[in-house]
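Trainee: Dropping a structure here in structure tokens format, bear with me for questions.
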């Protein structure tokens with residue numbers, strides 16, 4: 001990779017300069033196919049070599065996916081490490097809560113302000129990609145969240161921590177939706193879902209790393225006069241700042257400027273996305289917008305995904321606290337958060353591959369949701385001192401609640417039938433983890449961002465300190481949400497089956 005990958009990508013300016021990334025053929029294609037007999041279509045003018053395309057995809061995957069996965073792991077470490085810091089070295093009175101003299105309610109408030117800023121800045125941050133290339137903007141965000149994480153290590157009060165967490169949310173807000181947008185430059189729609197699943201699975205990977213790092217950092221408590229939780233923020237923030245330099249200069253930007261591809265490979269990378277590229281600039285009328293907004297089946301998809309956001313947020317931040325209530329105290333509590341997230345990462349990646357291969361996305365969504373929901377209910381019902389049984393259930397619930405996320409995302413995307421739906425429905429799901437192109441529907445994006453953040457607030461407040469070590473409210477709430485979500489999926493499956501039975505032979509079937 002080279003610094004030339006970071007050249008600004010502004011389609012309108014490139015067209016004015018005579019170097020538009022897509023030829024005039026693409027403009028004709030945007031207008032629609034010609035009705036003249038014998039007219040050429042883009043597919044006739046450019047035929048993709050299947051072997052060459054597979055070779056290109058392997059190159060893209062080796063160059064793009066590991067980088068995105070590693071950066072997103074760092075991104076999630078920076079937001080979730082406060083859960084580890086909350087109880088780190090609590091046995092010696094040196095945890096974050098004890099040093100800053102915070103209550104559990106204040107800790108929940110600190111978590112909440114992150115979601116507020118995340119919701120407010122997600123859309124504006126993503127629009128900056130229209131003015132800056134991905135390497136430049138991602139590097140800026142990385143310095144922002146890494147630097148903020150390191151500054152948190154110096155806080156002396158609850159108010160300072162609250163303000164810095166708000167700032168952290170502002171910097172982190174643009175990365176994940178930015179990656180979704182970035183993938184549209186390189187991959188076709190049907191190629192993005194599985195790859196984004198791998199990136200999304202890194203939330204589990206960060207949980208495993210977070211527990212391991214916290215355990216090691218806990219051993220240096222008091223070094224240089226700093227509590228271990230302060231070292232934790234420094235150690236987990238610094239890599240983002242350091243890697244930002246490499247991202248700025250070497251992260252791939254656009255196929256047109258990828259000097260690490262040959263001229264023929266660059267041509268193939270650009271031309272194979274012609275049809276999909278034009279969809280990214282498609283404009284829809286109010287009539288089309290209204291039709292999409294009134295398609296109630298889409299709201300069932302949204303509702304199903306919202307139900308997994310509650311356990312996702314609660315486990316991400318409170319896993320160390322839950323484990324601490326299972327008899328694993330001190331640094332052992334940090335170490336025992338590793339297995340649930342490590343298992344979840346492997347299981348999520350494996351199930352995503354099989355769901356994609358057999359096109360069984362809804363199956364790989366509702367069954368894991370049922371299993372996770374039941375195991376959460378069991379955790380809430382077990383006696384508080386049934387430590388081993390509750391830990392086994394925690395491993396299962398964490399794993400299965402993570403498995404369903406990528407399948408829910410993909411199932412929506414494969415059931416969007418036209419450009420109009422894609423242009424509006426995908427942005428509505430961006431903030432809750434879906435796949436698609438980032439478009440200009442500002443009000444829709446902001447409203448769904450705020451509503452999703454409100455759902456996340458539930459996960460922040462359900463694990464109550466006065467219910468330790470059983471945390472019945474938290475476990476029962478997570479279980480109820482997941483079981484309700486599985487019912488929504490079953491309703492959607494039946495809806496699609498009925499629509500398929502009523503379709504004429506040869507019509508495109510809905511994916512069940």
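The values are calculated or read from the model by the stated rules, or taken from the named source; none is laboratory data. Here the structure is a predicted model, which is why all the values come from computation and not from measurement. With ideal geometry, Cβ positions are generated from the backbone for all residues, glycine too; neighbour counts draw on all protein chains shown.
Trainee: What are the residues in the stretch 344-362 that are touching a helix residue (DSSP H, G or I) at 6+ places or on another chain (Cβ under 8 Å), assigned to a helix (DSSP H, G or I) and surrounded by fewer than 18 Cβ atoms within 10 Å (Cβ to Cβ), if any?
Mentor: 353, 354
Trainee: Taking the stretch 339-386 as the search range and keeping residues that are at pLDDT below 90 and more than 16 Å from residue 194 (Cα to Cα), which one is farthest from the chain's Cα centre (by Cα)?
Mentor: Top of the filtered list is 385.
Trainee: Which one of these is under 16 Å from the mean Cα position of the chain (by Cα) and part of a helix (DSSP H, G or I): 212, 206?
Mentor: 206
Yes or no, residue by residue, for (1) at pLDDT below 95; (2) crowded, with 22+ Cβ neighbours inside 10 Å:
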{"position": "221", "(1), (2)": "no, no"}
{"position": "237", "(1), (2)": "no, yes"}
{"position": "246", "(1), (2)": "no, no"}
{"position": "259", "(1), (2)": "yes, no"}
{"position": "263", "(1), (2)": "yes, no"}
{"position": "275", "(1), (2)": "yes, no"}
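Trainee: Checking the condition farther than 27 Å from residue 324 by Cα and surrounded by fewer than 18 Cβ atoms within 10 Å (Cβ to Cβ), which residue from 163, 93, 178 passes?
Mentor: Within the list 163, 93, 178, the selection yields 163.
Trainee: Here is a further query. Name every residue in the stretch 47-58 that is farther than 18 Å from residue 184 by Cβ and in a helix (DSSP H, G or I), in order of residue number.
Mentor: Hits for the stretch 47-58 are 50, 51, 52, 54, 55, 58.
Trainee: Please verify whether the stretch 125-133 includes one or more residues that are at pLDDT 95 or above and part of a helix (DSSP H, G or I).
Mentor: No: the stretch 125-133 contains no residue that is at pLDDT 95 or above and part of a helix (DSSP H, G or I).
Trainee: Hey, another quick one. Within the stretch 171-194, which residues are within 23 Å of residue 128 (Cβ to Cβ) and either in a helix (DSSP H, G or I) or under 9 Å from the mean Cα position of the chain (by Cα) (or both)?
Mentor: Residues satisfying the conditions are 171, 172, 175, 176, 177, 178, 179, 180, 181, 182, 183, 192.
Trainee: Take the stretch 369-395 and flag every residue that is farther than 13 Å from residue 479 by Cβ and part of a helix (DSSP H, G or I).
Mentor: Within the stretch 369-395, 387, 388, 389, 390, 391, 392, 395 qualify.
Trainee: Could you list all residues from the stretch 287-307 that are more than 24 Å from the chain's Cα centre (by Cα), assigned to a helix (DSSP H, G or I) and either modelled with pLDDT of 75 or more or surrounded by fewer than 15 Cβ atoms within 10 Å (Cβ to Cβ) (or both)?
Mentor: Residues satisfying the conditions are 287, 290, 296.
Trainee: Quick one: would you say residue 462 is buried (at least 17 other Cβ atoms within 10 Å of the Cβ), in contact (Cβ under 8 Å) with a residue 40 or more places away in the chain and within 21 Å of residue 381 (Cα to Cα)?
Mentor: For residue 462, the condition - buried (at least 17 other Cβ atoms within 10 Å of the Cβ), in contact (Cβ under 8 Å) with a residue 40 or more places away in the chain and within 21 Å of residue 381 (Cα to Cα) - is met.
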